Amino acid sequence: MKIMKTLRFAFSPWPFKPVAVTTVTTAFLFMVVSAVVVSLSEQSGVGARGQNAPWIFAMAALCFGFGYSVIYLGDLISKKFKKMHALVYHLTAIAFSAITVLVREILTSDTTPDYWQEPISKIRLFVVVIFLFYFLHASFGISNSRIAEEAKQAKEAKAALEVQRGRLIDSQEQTRKEIADFLHDRLQSDLVVLGIQINRATESMPVESREVAKAFVEEIERIRQIDVREASRALAPELDGPGIAPALNDLSRQYLSVFDVKIQVDQKDKITKQQRLAIYRIVEQALLNAAKHGSPRNIEIVVKIEDDMIRIWVTNDGRELAQQLVAGAGFAIIDTWVSQYRGQWTVKKVDTNTTLWAEFPIAQ
């Protein structure tokens with residue numbers, strides 16, 4: 001049973017490899033023929049070797065040319081009539097071996113050793129060549145199958161990684177939303193209550209003390225209305241509106257005391273809310289990295305939606321940023337968002353400016 005299984009496996013039709021099979025077969029025949037000629041030359045002298053050298057090279061050249069043509073023709077026919085691949089495969093093996101025997105027959109002359117003129121020699125040549133045809137095609141086929149299997153596994157691993165990245169993004173955004181909800185609801189309520197309690201506690205205090213307490217209450221109210229609200233919006237930006245521009249304007253206001261920000265956004269809003277969030281997070285990390293490492297004075301944000309692609313440029317005039325994808329760093333977050341949509345991104349120096357560029361296709 002094992003022998004039959006092995007034979008079926010060996011003679012199963014594999015994809016044609018004209019160049020590889022013809023080259024290996026021709027090289028094999030060249031070495032065998034040369035070895036026989038050398039052996040005979042040792043008995044006949046150098047002259048015998050010189051007489052047979054043209055014959056050897058002519059046989060190798062014709063075997064390669066005719067053999068390649070036969071396999072190439074078989075490959076073309078097989079591709080055109082895919083259902084007949086197995087039949088064409090085996091017929092090509094027979095034709096390839098037969099053409100090799102025919103080449104030897106054509107080149108047979110008076111100087112050809114008797115060893116190759118015998119009928120049994122032609123049968124041996126036919127068997128050896130057809131064996132090489134099947135063996136080489138099976139070897140290349142198995143190699144290709146293994147490569148295809150490894151590629152499939154790599155593709156599945158990449159798909160699994162994309163799924164994990166998506167889950168990581170969802171998990172991060174869910175955590176941000178929960179914190180934002182806490183800031184917006186619980187913390188703001190606590191600050192309101194704290195202000196009321198301070199006002200009540202100061203009713204019996206001297207006027208000077210009440211003025212001090214009032215200043216504290218005003219600062220608490222400022223923190224509640226501005227700082228807490230902005231932090232809440234940064235954690236969970238409002239992206240249900242007509243475009244991404246309002247959210248980016250809110251984001252840029254955090255840095256107005258450090259550098260000037262100009263925003264140019266394509267208002268053609270044909271993208272999903274999740275992709276607006278991707279744009280926001282990429283710009284957010286670009287601004288943060290520029291502020292931490294670049295010390296710029298001016299930053300320009302450009303978002304364009306064209307040719308079914310979303311393209312983002314964040315350019316600053318600060319120091320050049322080193323592109324290091326460190327886990328937990330801003331660049332790693334950018335890479336996660338861009339990879340989620342099978343896009344690409346880079347950081348490059350243009351003249352005196354540093355530009356972070358990213359693009360990814362619009363979700364269908």
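The values are calculated or read from the model by the stated rules, or taken from the named source; none is laboratory data. From a predicted model like this one, the values you see are computed outputs, not experimental measurements. When we count neighbours, we look across all protein chains shown, and the Cβ atoms used for this are built from the backbone with ideal geometry, even at glycine.
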Fill in: Failed criterion for residue 106 (all others in (1) out of contact with any Gly (no Cβ under 6 Å at 6 or more places or on another chain); (2) at pLDDT 85 or above hold)
(2)
Item to complete: Specify the residue that is farthest from residue 131 (Cα to Cα); the eligible residues are those in region 78-94 that are of a type outside the set (Phe, Trp, Tyr), surrounded by fewer than 18 Cβ atoms within 10 Å (Cβ to Cβ) and free of Cβ contacts under 8 Å to residues at least 60 places away in the same chain.
Response: 80
Worksheet item: Out of region 280-305, which residues are touching an Asp or Glu at 6+ places or on another chain (Cβ under 7 Å) and either more than 14 Å from residue 353 (Cα to Cα) or of a type in the set (Ser, Thr, Tyr) (or both)?
Response: 303, 304, 305
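Can you name every one of the helices (runs of 4 or more DSSP H) wholly within region 200-272 that holds 2 or more residues which are at pLDDT 75 or above? Please lay out each step first, then the result.
Values: elements: 207-222, 229-235, 245-253.
In region 200-272, 207-222, 245-253 are the helices (runs of 4 or more DSSP H) which contain 2 or more residues that are at pLDDT 75 or above.
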Item to complete: Inspect all residues belonging to region 231-254 and state whether any of them is more than 44 Å from the chain's Cα centre (by Cα) and exposed (fewer than 15 other Cβ atoms within 10 Å of the Cβ).
Response: no
Worksheet entry | Evaluation of residue 344 against (1) modelled with pLDDT under 85; (2) closer than 23 Å to residue 161 by Cβ; (3) surrounded by fewer than 16 Cβ atoms within 10 Å (Cβ to Cβ); (4) in contact with a helix residue (DSSP H, G or I) (Cβ under 8 Å, 6 or more places away or on another chain) (one fails), failing number | (1)
